[in-house]
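The values are calculated or read from the model by the stated rules, or taken from the named source; none is laboratory data. This one's a predicted model, so the numbers in the text were calculated from it and none came from an experiment. Cβ placement follows ideal geometry from the backbone for every residue including glycine, while neighbour counts extend to all protein chains displayed. Surface areas here come from the heavy atoms of the whole protein model, side chains and all, with no ligands, DNA or RNA. Shrake-Rupley method; radii C 1.70, N 1.55, O 1.52, S 1.80 Å.
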Amino acid sequence: MAVHECVSFILLRGSKLLLEKRSNTKETDPGLITIPGGHIEKGETKIQALVRELEEELCIVPIDSEYLCSLYHPTTELQLIHYFIVKDWKGDISVQEADDVGWYTITGAPVGIDADRVALSELQRVNKYL
């Protein structure tokens, strides 16, 4: 099975993070609440994909980001998700692809996939921004 690499971005505003509700028409994880992200395109670095996906999905440009961890997520395809913490950005968030977004506490984040739960546990474990 081919591995499809992706980036996900944990946007932090104080002690809260931004999560998206995926559209019911999405092929992967339809209707679930997840950490936003997207596929890395051929020839892109992880950072280039992070910048592109943030702009495409939320109309923002990261100013301060940091790599957190990488985790596998078996869905309709096997994904290797590279999680990044985004602490500062330029622009106003404007939802382009998800049904909705909301700010949640880390401990109360209702994420619908295991990889996201593990990434949030890792964020709490390193305890840099909480």
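Conditions first: (1) open to solvent by 50 Å² or more (accessible area, probe 1.4 Å); (2) over 28 Å from ALA2 (Cα atoms); (3) modelled with pLDDT under 95; (4) not acidic (Asp, Glu). ILE106 passes all but one, so which condition is the exception?
(1)
State whether the residues of the range 68-83 include one that is without any contact (Cβ under 8 Å) to a residue 12 or more places away in the chain and not in a loop (DSSP other than H, G, I, E, B).
yes
Cβ-Cβ distance below 9 Å, separation of 6 or more or different chains: which pairs start in the range 32-48 with a residue that is of a type in the set (Gly, Ala, Ser) and end on one that is assigned to a loop (DSSP other than H, G, I, E, B)?
That search, which allows pairs on different chains as well, returns GLY38/GLU97.
Hey, can you tell me all the residues within the range 29-67 that are in a loop (DSSP other than H, G, I, E, B) and in contact with a Cys (Cβ under 7 Å, 6 or more places away or on another chain)?
ILE40 - this is the single residue of the range 29-67 that is in a loop (DSSP other than H, G, I, E, B) and in contact with a Cys (Cβ under 7 Å, 6 or more places away or on another chain).
May I ask you to list the residues in the range 23-33 that are out of contact with any strand residue (DSSP E or B) (no Cβ under 6 Å at 6 or more places or on another chain) and either under 14 Å from THR75 (Cβ atoms) or modelled with pLDDT of 90 or more (or both)?
Answer for the range 23-33, where residues must be out of contact with any strand residue (DSSP E or B) (no Cβ under 6 Å at 6 or more places or on another chain) and either under 14 Å from THR75 (Cβ atoms) or modelled with pLDDT of 90 or more (or both): LYS26, GLU27, THR28, ASP29, PRO30, GLY31, LEU32.
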